[in-house]
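First comes the structure, then the notes that go with it.
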Amino acid sequence: MALDLPQPALLAAALILGLLVGSCLNVVVYRLPRQLQRTWRREALAWLAADGAAPNVDPAANAVAADEPFNLVVPRSRCPCCGAGIAAYDNIPVLSWLWLRGRCRRCAAPISWRYPLLELASGALAVLVVLRLGATPQALAGLLLGWSLLALAAIDGDHQLLPDLITVPLLWLGLLVNTAELFAPLASAVVGAAAGYLLLWSVYWLFRLATGREGMGYGDFKLLAALGAWFGWEALPALLLIASAGGALYGSVAILLRRQGRRTPFAFGPFLALAGGAALLAGERLQGGYGRLG
C-alpha cells in the first residue's frame, strides 16, 4: 500500500533519509573491513599459538589490540590524523564537509571527498527509487538493496573484498521479499540465486584451469546469486552484460592510462553493484520484459 504524500514532500523526505543513511554507510565502508581484518588476525594468531608456530609478536601489544573495542558503533568517529572526536555538528551529511572545506576542524588535515560523494550517491539513489516505485513496500525493499550495493561497491573498490556479512543476508532478503513477488516470482528468484552463483563459479574454474590463475573471488559469486534472488533468473543475462561491459571498459582505460598492468587484478564487485542498481531502476525494460517491476 502506497503512502499518500505530496510528490515534493515525498522526494525531500527520501533525499534527507538517503543522506543520513549515506553517513552511516561511510562508517560501514571504513570500519567493517578493518573489523574483519582484526578478527582474522586474532583467529590466525590463536591458531598458530595452538599449533606451536606463533610468530614472535609482543604479547602486550596483542592484549591491547584485543581489548580495544572496534565495531560499527564504538569508538565514536574521530579524525584519523589527530584523533580528535568529531562533534555532531561536524557530522551533518555533505553540509559539514562543505562548511569545513574538506578539512578537520582541529588539525586541518584533509577529509576525503569520498565521504560527501557516498552521502550524495545514497541521497540520489533514494530519490530515484521513490520516483520509480513510489512510497510502497517495494520501494523500501529497493532502498535496502540499493544501499547495500553502494556499501559493497565501495568496500570492494577499496579492499577487493565483498563481506559475507552483507552478501549472504542480501541473498536471503531477496528470497524473502519475493515471497510476496515484489520483484520476481519466488520460483524465478530461487533459480536466479542458484544460477547466479553457479555461472560465476563456472567461469572462475574454467579460467583457473585454462590459466592457472584466479580470475575473481567467491564474493562475486555470492553477490550475483543475491542479485538473482532479487530479480530472478531472467535478469541474469542483462546483469552479466552490464557488469562485464563496465569492467572491460574500466580495465581498458586503466591500462591505456598506465594505472595498472594487464594482469593486475581489480574489483569486479562495483560493476555487479552497478548492474544491480540498473536492474532496480530500469525494471522490466532491462530484463527483456520478464521482470515484475511496474
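The values are calculated or read from the model by the stated rules, or taken from the named source; none is laboratory data. From a predicted model like this one, the values you see are computed outputs, not experimental measurements. Glycine gets a Cβ as well: all are built from the backbone with ideal geometry, and neighbour counts include every protein chain shown. Calculation scope for accessible area: heavy atoms of the full protein, side chains included, ligands and nucleic acids excluded. Shrake-Rupley method; radii C 1.70, N 1.55, O 1.52, S 1.80 Å.
Of everything in region 228-263, what is part of a loop (DSSP other than H, G, I, E, B) and either open to solvent by less than 40 Å² (accessible area, probe 1.4 Å) or in contact with a helix residue (DSSP H, G or I) (Cβ under 8 Å, 6 or more places away or on another chain) (or both)? Give them in sequence order. Answer for region 228-263, where residues must be part of a loop (DSSP other than H, G, I, E, B) and either open to solvent by less than 40 Å² (accessible area, probe 1.4 Å) or in contact with a helix residue (DSSP H, G or I) (Cβ under 8 Å, 6 or more places away or on another chain) (or both): GLY232, GLN260, GLY261, ARG262. Screening region 75-193 for helices (runs of 4 or more DSSP H) wholly inside it with 3 or more residues that are crowded, with 21+ Cβ neighbours inside 10 Å returns the ranges 114-133, 137-159, 164-177. Only residues that are out of contact with any helix residue (DSSP H, G or I) (no Cβ under 6 Å at 6 or more places or on another chain) and among the β-branched types (Val, Ile, Thr) were counted in region 7-47, giving 3. For region 261-281, which positions are modelled with pLDDT of 90 or more and small (Gly, Ala, Ser)? The answer is ALA267, GLY269, ALA273, ALA275, GLY276, GLY277, ALA278, ALA279. Pairing each residue of region 7-19 that is crowded, with 16+ Cβ neighbours inside 10 Å with any residue that is of a type in the set (Ser, Thr, Tyr), provided the two are 6+ apart or on different chains, yields C-beta distances under 7 Å for GLY18/SER122; LEU19/SER122. Within region 204-218, restricting attention to residues that are out of contact with any Phe, Trp or Tyr (no Cβ under 9 Å at 6 or more places or on another chain) and part of a helix (DSSP H, G or I), which residue is most open to solvent (accessible area, probe 1.4 Å)? Per the criteria, the residue is LEU209. If the condition is being free of Cβ contacts under 8 Å to residues at least 24 places away in the same chain and aliphatic (A, V, I, L, M), then region 167-201 contributes LEU176, LEU186, ALA187, LEU198. A Cβ distance below 8 Å, combined with a sequence gap of six or more or placement on separate chains, defines the contacts here; from region 89-102, residues that are within 14 Å of LEU25 (Cα to Cα) reach residues that are open to solvent by 20 Å² or more (accessible area, probe 1.4 Å) and at pLDDT below 90 in the pairs ASN91/SER77.
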